[in-house]
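The values are calculated or read from the model by the stated rules, or taken from the named source; none is laboratory data. Everything quoted here is computed from the prediction, not taken from an experiment. Every residue, glycine as well, gets a Cβ built from its backbone with ideal geometry; the counts of neighbours run over all protein chains shown. With ligands, DNA and RNA removed, areas are computed over all heavy atoms of the protein, side chains included. Shrake-Rupley method; radii C 1.70, N 1.55, O 1.52, S 1.80 Å.
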Amino acid sequence: MSTTDEKTGTYSFVAEPFHVDFNGRVTLGVLGNHLLNCAGFHASDRGFGIATMNEENYTWVLSRLAIELDAYPVQYEDFSIRTWVENVYRLFTDRNFAILNQEGRPIGYARSVWAMINLNTRRPTDLLALHDGNITGYICDEPCPIEKPSRIKVEATEPVADHTARYSDIDINGHVNSIRYIEHILDLFPMELYREKRVRRFEMAYVAESYYGEKLLFFRDDAGGDEYHVEVRKETGEVVCRSKILFV
């Protein structure tokens, strides 16, 4: 790790062979995990990481994520991710990322929105009241030149796939891992599409938690222009998450 200043953190990675797809590019699932790890490292180094917050009966919850890439790290390539806090509101905070190639040039950016919840009530907590609001001291005005996550609507009424949540889907919090939804959504598209195109932008909006043994239904709209909208629902009809995928 190298830290550029007290407000931003930069973390180094290698595109391992088991982190890339058949094209030799880092998968979005792996990249998503790296982004979340960087968020965790950066927060922990500044006193508001998950371990500290858990001791106080709070935890961070990812609400929205948007990743936009001009290029992907490829097998064995060194790359790094820089992260910083853009804004802190009462119930949410905006955290941004820059994905840098081995020369240190940006090849992509990501935006994320987080809430902190009380582990007992599962309700959001007031970030400005926590630790005297000292998280606001890390707000950084570094630019992030991609659009914020958008509102996603899905009209489809018939599912294109389903998946029952299994062991490998479940994380430390006891529910389906946020990155696993990304992987399941990408699996809705055929190999041929990934041979010819790549994901340029991927958005996730998380709405509700799902648990082991629950059946998830995937609904997909073709919005035209290589853009797709996906909604994941439980059998009860409850929406779990929505996604927007743009291929190029």
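The GluC sites (Glu not before Pro) of the stretch 16-124 that meet both conditions, a loop assignment by DSSP and at most 11 other Cβ atoms within 10 Å of the site Cβ, are 103. For the chain, leaving out every one of the chymotrypsin sites (Phe, Trp or Tyr not before Pro) that falls in a DSSP loop and has at most 14 other Cβ atoms within 10 Å, the longest unbroken run is 90-211. Full extension of the chain between residue 75 and residue 18 gives 19.6 nm of extra length, using 0.36 nm per residue less the Cα-Cα distance. Each Cα pair under 8 Å and six or more residues apart adds its separation to the average, and for the stretch 157-234 the resulting relative contact order is 42 percent.
Largest first and in whole Å, what are the equivalent-ellipsoid semi-axes of the chain based on the Cα gyration tensor, each being the root of 5 times an eigenvalue?
28, 24, 16
Give me the tail of P(r) for the stretch 115-206 as a percent: Cα-Cα pairs with distance above 16 Å. The proportion of pairs with Cα distances above 16 Å equals 76 percent.
For the chain, give the magnitude of the charge dipole about the Cα centre (Cβ charges: +1 Lys/Arg, -1 Asp/Glu; no others), in debye to the nearest 20. Don't jump to the answer; show the numbers that get you there.
Working: 27 positive and 38 negative charges, 61 e Å.
It works out to roughly 300 debye.
One Cα centroid belongs to the stretch 200-238, the other to the stretch 118-159; the line between them spans 19 Å. Computed over the stretch 72-197, relative contact order equals 18 percent, with contacts defined as Cα pairs under 8 Å that lie 6+ residues apart. Using θ = phi - 60° in the Karplus curve 6.51 cos²θ - 1.76 cosθ + 1.60, the 3J(HN,Hα) couplings for the stretch 69-79 round to 10, 7, 7, 10, x, 10, 3, 6, 6, 7, 8 Hz; x is entered for Gly and Pro. Taking 201, 122, 64 in turn, the Gaussian network model of the chain (Cα-Cα springs below 10 Å) assigns the largest fluctuation to 122. Solvent-accessible surface of protein heavy atoms, probed at 1.4 angstrom with all chains present, puts 107, 50, 139 in the order 50, 139, 107, largest first. Couplings 3J(HN,Hα) of the stretch 136-150, computed from phi: 5, x, 9, 4, 10, 9, 4, x, 10, x, 10, 5, 5, x, 9 Hz, in residue order, whole Hz [Karplus 6.51 cos²θ - 1.76 cosθ + 1.60, θ = phi - 60°; x for Gly and Pro]. Normalised by the number of residues in the chain, the average gap of Cα pairs under 8 Å and 6 or more apart makes the relative contact order 17 percent. Accessible area per residue for the stretch 170-234, computed on protein heavy atoms with a 1.4 Å probe, is 45 Å². Please report, as a whole percent, how much of the solvent-accessible surface of the stretch 28-110 comes from carbon and sulfur atoms (probe radius 1.4 Å). Carbon-and-sulfur percentage of accessible area, whole number: 48.
When the alpha carbon gyration tensor of the stretch 162-248 is reduced to an equivalent ellipsoid, the three semi-axes, largest first, read 24, 13, 11 Å. What a 1.4 Å probe finds exposed on the stretch 142-247 is 47% carbon and sulfur by accessible area, rounded to a whole percent. According to the Kirkwood relation over distinct C-alpha pairs, the hydrodynamic radius of the stretch 59-195 is 17.8 Å.
Calculated accessible area for the stretch 1-92 comes out at 44 Å² per residue, all protein chains present (probe 1.4 Å; ligands, DNA, RNA ignored). Largest GNM mean-square fluctuation across 53, 204, 191, computed for the chain with C-alpha springs under 10 Å, falls on 191. In order along the stretch 174-179, phi translates into HN-Hα couplings of x, 10, 4, 4, 4, 6 Hz, rounded to whole numbers, per the Karplus curve 6.51 cos²θ - 1.76 cosθ + 1.60 with θ = phi - 60° and x for Gly and Pro. Between residue 207 and 241, 242, the built amide H atoms are under 5 Å apart, and every one of these is 5 or more places off in sequence or on another chain.
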